[in-house]
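Visitor: First, the structure itself, so that you have it in front of you.
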Amino acid sequence: MTGARTRSARELWGGHFASDPAPLMERINASVGFDKRLWAEDIRGSIAHARMLAARGVITEADRDAIVRGLEEIAREIEEGRFVFDPALEDVHLNIEARLIERIGEPGRRLHTARSRNDQVATDLRLWVKAACARVDASLRELQRVLLDRAEEHAATVMPGFTHLQAAQPVTLGHHLLAYVEMFGRDRSRFSDAHARMDECPLGAAALAGTSFPVDREATARELGFARPMANSIDAVSDRDFVLDYLAAAAICAVHLSRLAEELVLWSTPQFGFVRLPETFTSGSSIMPQKRNPDAAELVRGKSGRVIGHLVALLVVLKGLPLAYSKDMQEDKEGLFDAADTLELCAAVAAAMLAEARFDPARMRAAAELGHPTATDLADWLVRVKGVPFREAHGIAARAVRRAEELGCALEELPDRELLALDARIDARVREVLGVERSVASRTSSGGTAPVRVREAIAAARRRFLGEAQPAIEAGG
Ligand code: ARG
């Protein structure tokens, strides 16, 4: 008892249409080329719906069994690459439904009872984005793990800290890397917030108004792993803010990845020479034999542009839409899929590059000495040891910098008589605070760069971000 092959979407819904769609209509309308990525979610959603319909006596148990078996076979066809997605059938939902009818006939025609593609696609997409949140959480956690390992190795490695990209004060590389651990930690919490907010099931909203059939929305929500059904049927089919939530978190995260990548690009130049990127993530030049280009880091930086673009694009698509569903909303998917693919790739590349990067502590330390970065330490010493008001001490230190520049030496190399000439309160003991190691070791305030604090911060970050206690997003939920 199988059904006839459905040749176009109009056979499923077009009883009152006299002619076929224009070829151009098919081109602009069909989404199956990209929304076939939702096939597993679509089948899951349909199985849950059919079980609920049978439990409520809307379809028979025999129909339910035929539908579930048919959908499971279709899942196998798709997995094994035997399923032909047909653009004449518009989207993934109609492709699967048409194939079900073709395979099992009559019961297949009952599946769409008490449902619309509007609540169907909203449900499928929420399931997909929830899983994407869980995937990116795992990628970012791995990136944090790599950053923490490298930070531990370099908890006491001195490098210049910059503001305005000018040497500011010496810091440790470990401390600098921990800054990114915090950023990616906040990114993870943004995805986790988004996940919690989107954890409501649209199914049962039908086209927009709800349905006259005695559906059990609690049951389908539960079976699909949602916390609860969405409260309002119009909202359920109109809203795509869960995609915006994902894209907003993705855009911010892409910006963090881009800043990290930019530092790797800068630091790997011969002029900086702070890091040597793994050969496997760089390329040479066809005309300049000396070159080693940081392509992967540049692409992590560059690809942030498309992720940001996808957020802006969907905001613009949605901003003028009246409630409830409009076909404009089909434009939510390509950008989302590309953003998710891009972000996961970039996070993985950043982790792999960092894991293998060779930092050069000698180069970093030498750079940390340039630009008189311990001038603040001189001022602080005058305040602490001699009771000089900070503003006055700042002026004395500034004059010391000018003198060192005139003599072409580092602050700590200024002869005693030069120091004394600057201010009579200065004595030779000041030299102790002018070295970069001492400077770094003295910054023991909580959250500061002293190696003791950095080691504590690494241990705390491991507990906060990698420990069991971390409220991870349930995968697949
Ligand atoms: N492919 C459509 C989309 O992604 C599915 C919903 C279609 N609904 C409709 N009423 N035509 O938005």
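The values are calculated or read from the model by the stated rules, or taken from the named source; none is laboratory data. Just so it is clear, the structure is predicted and the values come from calculations on it, not from any experiment. These accessible areas exclude ligands, DNA and RNA; they are computed on the full protein's heavy atoms, side chains included. Shrake-Rupley method; radii C 1.70, N 1.55, O 1.52, S 1.80 Å.
Visitor: Between region 371-396 and region 255-311, how far is it from one alpha carbon centroid to the other, in angstrom?
Guide: Each part's Cα centre sits 39 Å from the other's.
Visitor: While we're looking at this one, here's another question. Keeping all protein chains in position, work out how much accessible area Phe17 exposes to a 1.4 Å probe, and write it in Å² to the nearest 10.
Guide: Answer for Phe17: close to 90 Å² accessible.
Visitor: So, one more: Plugging the Kirkwood radius over Cα pairs into Stokes-Einstein for region 125-206, at a temperature of 4 °C and a viscosity of 1.567 mPa s, what D comes out in µm²/s?
Guide: Approximately 86 µm²/s, per Stokes-Einstein.
Visitor: Any lysines with Cα under 21 Å of the Lys36 Cα? List them, leaving off those in the same chain fewer than 8 positions away.
Guide: Within reach: Lys130, Lys327, Lys333.
Visitor: Here's something else I'd like to know. Can you sort Glu437, Glu79 by solvent-accessible area, 1.4 Å probe, largest first?
Guide: Largest accessible area first, the residues go Glu79, Glu437.
Visitor: I'd like the accessible area for Thr449: 1.4 Å probe, protein heavy atoms, all chains in place, Å² to the nearest 10.
Guide: 10 Å²
Visitor: Tell me, what HN-Hα J-couplings in whole Hz come from the Karplus equation 6.51 cos²θ - 1.76 cosθ + 1.60 at θ = phi - 60° for each residue of region 238-251, using x for Gly and Pro?
Guide: Each residue of region 238-251 in turn: 8, 7, 10, 5, 5, 6, 4, 4, 4, 5, 5, 4, 5, 5 Hz.
Visitor: Starting from the eigenvalues of the Cα gyration tensor, five times each then square-rooted, give me the equivalent ellipsoid semi-axes of region 174-329, largest first, whole Å.
Guide: 45, 18, 12
Visitor: Report the Cα-based extents of region 39-85 along its three principal axes, largest first, to the nearest Å.
Guide: Its Cα atoms span 35, 18, 13 Å along the three principal axes.
Visitor: Give me the percent relative contact order of region 88-202, please, defined on Cα pairs under 8 angstrom at least 6 residues apart.
Guide: Worked out over region 88-202, it gives 26 percent.
Visitor: Above 34 angstrom, tally the Cα pairs of the chain and express them as a % of all pairs, no decimals.
Guide: Of the Cα pairs, 51 percent sit more than 34 Å apart.
Visitor: Given the C-alpha atoms of region 158-198, compute the convex hull and give its volume per residue in Å³.
Guide: Hull volume normalised by residue count: 61 Å³.
Visitor: Considering every Cα-Cα pair within region 329-398, what fraction, in whole percent, is farther apart than 15 Å?
Guide: Pairs farther apart than 15 Å: 73 percent.
Visitor: Contact order normalised by length for the chain, with contacts defined as Cα pairs under 8 Å and 6 or more residues apart; what percent is it?
Guide: Once divided by the residue count of the chain, the mean separation gives 17 percent.
Visitor: Calculate, in whole percent, how much of the Cα-Cα pair population of region 281-332 lies beyond 13 Å.
Guide: Counting pairs separated by more than 13 Å, the tail of P(r) holds 70 percent.
Visitor: Where does the chain land at 222 nm, in deg cm²/dmol rounded to the nearest 500, when only DSSP H runs of n ≥ 4 count, each adding -39500 (n - 2.57), divided by all residues?
Guide: Helix-only estimate at 222 nm: -19500 deg cm²/dmol.
Visitor: Limiting things to C-alpha atoms, what are the Rg and the maximum Cα-Cα separation (Dmax) for region 226-312, in angstroms?
Guide: 19.9, 64
Visitor: Could you look at the chain and say what percent of its accessible area is carbon and sulfur, using a 1.4 Å probe and all protein chains?
Guide: Accessible surface attributable to carbon and sulfur in the chain totals 53 percent.
Visitor: May I ask you to rank Ser46, Ser19 by accessible area, largest first, using a 1.4 Å probe over the protein chains only?
Guide: Heavy-atom accessible area, descending, gives Ser19, Ser46.
Visitor: Can you run phi through the Karplus equation (6.51, -1.76, 1.60; θ = phi - 60°) for region 365-370 and list ³J(HN,Hα) in whole Hz, with x for Gly and Pro?
Guide: Karplus-based 3J(HN,Hα) across region 365-370 equals 5, 4, 5, 5, 7, 6 Hz.
Visitor: Also, I was wondering about something else. Provide Rg and Dmax in Å for region 52-161, with only Cα atoms included in the calculation.
Guide: Rg, Dmax (Cα atoms, Å): 23.1, 74.
Visitor: Continuing with this model, one more query. So what are the ³J(HN,Hα) numbers for region 306-313, from phi and the Karplus equation (6.51, -1.76, 1.60; θ = phi - 60°), rounded to whole Hz, Gly and Pro as x?
Guide: Per residue, the Karplus-derived 3J(HN,Hα) values read 6, 5, 4, x, 5, 4, 5, 4 Hz.
Visitor: Keeping all protein chains in position, work out how much accessible area Thr60 exposes to a 1.4 Å probe, and write it in Å² to the nearest 10.
Guide: 70 Å²
Visitor: Starting from a Cα-only point model with no solvent, please compute log10 I(q)/I(0) by Debye for region 1-87 at q = 0.12, 0.17, 0.19, 0.21 1/Å.
Guide: Per q value, in the given order, log10 I(q)/I(0) is -0.50, -0.94, -1.09, -1.18.
Visitor: A further question on this structure: Cα centroid distance between region 117-188 and region 202-220, in Å?
Guide: Going from one Cα centre to the other spans 40 Å.
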